[in-house]
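Structure, as structure tokens:
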């Protein structure tokens, strides 16, 4: 049995098939471009949000007054992630609170500059330039020092939290 295929039908079928392939390719390309655009927008938003969160968290976790240190620094730990939060609280409870009370230390921290090292929608690395003004009962005249810290940020449940802070 021979199947007769007319030349016009074959051409039409090929044209419809190629047209369908082109339409599918355009749809796939648009979806991929849309996803890339969304990722870029989320990364750009992460750059802005992570810098703001890193700045306020660094000021909260590094600055304190000996009169309120036992309340302010544990409150600052709410902006930190799991393991880093534990390490920070060990340092705060074991060293900073007792030393601050004994020496009547007050440390005021302000962010002088910030730069994004790397940012993705769910994590970012921020470089902060800090000024620290310290007074104590032994040195009531304020001493100002500058420092730089690298802050790792992670987005957890819609909130930017500090996952690590490294002096550099």
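The values are calculated or read from the model by the stated rules, or taken from the named source; none is laboratory data. If you're wondering where the values come from, they're calculated on a predicted model, not measured in any experiment. Counting neighbours? That spans all protein chains shown, and the Cβs are built from the backbone with ideal geometry, glycine included.
Can you tell me which condition residue 118 does not meet? The list is (1) at pLDDT below 95; (2) in contact with a strand residue (DSSP E or B) (Cβ under 9 Å, 6 or more places away or on another chain); (3) outside any strand (DSSP E or B), and all the others hold.
All conditions pass for residue 118, except number (3).
Considering only the range 1-107, give the helices (runs of 4 or more DSSP H) lying wholly within it that have at least 2 residues that are buried (at least 16 other Cβ atoms within 10 Å of the Cβ) and at pLDDT below 95.
It comes to 7-62.
Identify the single condition in (1) modelled with pLDDT under 95; (2) exposed (fewer than 14 other Cβ atoms within 10 Å of the Cβ); (3) within 21 Å of the chain's Cα centre (by Cα) that residue 166 does not satisfy, given that it satisfies every other one.
(1)
Please verify whether residue 119 is surrounded by 13 or more Cβ atoms within 10 Å (Cβ to Cβ), closer than 22 Å to residue 51 by Cα and touching a helix residue (DSSP H, G or I) at 6+ places or on another chain (Cβ under 8 Å), treating the condition exactly as stated.
Yes; evaluated as a whole, the condition is true for this residue.
Residue check: is residue 110 touching a strand residue (DSSP E or B) at 6+ places or on another chain (Cβ under 9 Å), in a strand (DSSP E or B) and surrounded by fewer than 18 Cβ atoms within 10 Å (Cβ to Cβ)?
Considered against the rule, which asks whether it is touching a strand residue (DSSP E or B) at 6+ places or on another chain (Cβ under 9 Å), in a strand (DSSP E or B) and surrounded by fewer than 18 Cβ atoms within 10 Å (Cβ to Cβ), residue 110 comes out as yes.
Quick check on the range 133-162: of everything there that is over 15 Å from residue 49 (Cβ atoms) and touching a helix residue (DSSP H, G or I) at 6+ places or on another chain (Cβ under 7 Å), which residue is surrounded by the fewest Cβ atoms within 10 Å (Cβ to Cβ)?
138
Could you list, in sequence order, the residues of the range 59-82 that are free of Cβ contacts under 8 Å to residues at least 40 places away in the same chain and in contact with a strand residue (DSSP E or B) (Cβ under 6 Å, 6 or more places away or on another chain)?
72, 73 - these are the residues of the range 59-82 that are free of Cβ contacts under 8 Å to residues at least 40 places away in the same chain and in contact with a strand residue (DSSP E or B) (Cβ under 6 Å, 6 or more places away or on another chain).
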